Structures are given as structure tokens and as C-alpha cells.
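Since every read-out is calculated from the coordinates, none of them should be taken as a lab result. Quick caveat: nothing in here was measured; it's all calculated off a predicted structure. Quick reminder, even Gly has a Cβ in these numbers, built from the backbone with ideal geometry, and neighbours come from all protein chains shown.
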Amino acid sequence: MSTLRPQYPLSVLCRVLEVSRSGYYAWRMRRPSKRAQENARLEVAIQAAHIRTRQTYGPERLQAELREDGFPAGVGRIKRLRKKLRLRCKQVRRFTTTTDSTHALPVAENVLAQTFVAMRPNQTWVTDITYIPTSEVGTGASYTPSNARVLPSLFPNRTCEFPRIRLSIR
């Protein structure tokens, strides 16, 4: 009604919405309910706890956090208010170690030594391989390099394309 009020008289709006004028004015003057006031305070506490916990706590852990802060509330109520506030947990993924350094195999020396400048063509080539895990019967897991076709040279404006290769690590 407040958005249409400048365009139409109040009596027309009340008649169309089937609301009495006195009911409309009573509604406008009414204070928020006790529950609405509690929800407003709880929303502020939820937002503060959400930020304080690095946006990683779900409703159950958030409930314990809020209880410590003096805001007792049920999990369902916390879920409803989080949804209203559009608060979601960040999905923290554990770091997966992909390097196996505990082996007796020879290790190639670092010839490039982080010097990414080439003085002549074909002096230094680099590549980046993205591994996609696949499963093969009897071998456990093998990996397929997905981007190993174009090898850029460190000499300016030189690239070389090779046919796609398949690498199996067993």
C-alpha cells in the first residue's frame, strides 16, 4: 500500500484490498511483536557469529555459539533466519597432497632454477599438465594429462604443438 499510496487515494486502496481504514491505521501504528523483536536481535547475533566463525559453522554449531553469547534458539529457528539472511557456509576442502617425496627414485635437478628468460629459441620449454583421474580395471587409478598439447617456449612468441599423449601412473 505504501508504494501505491502516492498514486491512489487511501479509500480506493482499502476497498480494493478489502481492508478497513481503521484496520490499516491500527496496523501502521502497531509495534512489532515480541517474537519479531527477538528475531531482529537474533538476526544480528547470527550475522555476527557467522562472520566471527569464518562463515564455516552450520546451524548446529552456530546454535552452540549463540548459546554461549546468551542467545538461546532452536536449530529450526536458526535455519529459518539464516535462510532469510541468505547466509551459507563456505565449503572448506582439505588440502590433498599429490606429491610423494618418500621414494628411492632419482630426482631430476632443477635446471631452470626459476629463471624464466630465454636468450634464443628452443633453449627452454615449459608445460603445465592437468591430471584427470580415471579408473582402469586391474591398475587402480591412472591419470591422463589434459593440457599437454601445446608447449610454449620461453623465447617470445614461440609455441610448439604435440599430439596428445597418455600417461599412466601405477
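For every other residue with a beta carbon closer than 14 angstrom to the beta carbon of Pro9, add +1 if it is Lys or Arg and -1 if Asp or Glu, then tell me the sum.
On the way: positive: Arg5, Arg15, Arg21; negative: none.
Net of charged neighbours comes to +3.
Relative to the Cα centre, what is the charge dipole magnitude of the stretch 10-85, using +1 at the beta carbon of each Lys and Arg, -1 at the beta carbon of each Asp and Glu, and rounding to the nearest 20 debye? Mind showing how you got there, number by number?
On the way: 18 positive and 7 negative charges, 49 e Å.
So the magnitude is around 240 debye.
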**Request:** Would you be so kind as to identify which of Phe71, Gly23, Leu85 lies farthest towards the positive end of the dipole of the stretch 10-85, taking Lys and Arg as +1 and Asp and Glu as -1 on Cβ and the Cα centre as origin?
**Result:** Gly23
**Complete:** Computed on Cα atoms, Rg of the stretch 67-110 relative to 2.2 N^0.38 Å comes out at 2.49
**Asked** What is the mean projected area of the alpha carbon convex hull for the stretch 10-85, to one decimal in square nanometres?
**Response** 6.6
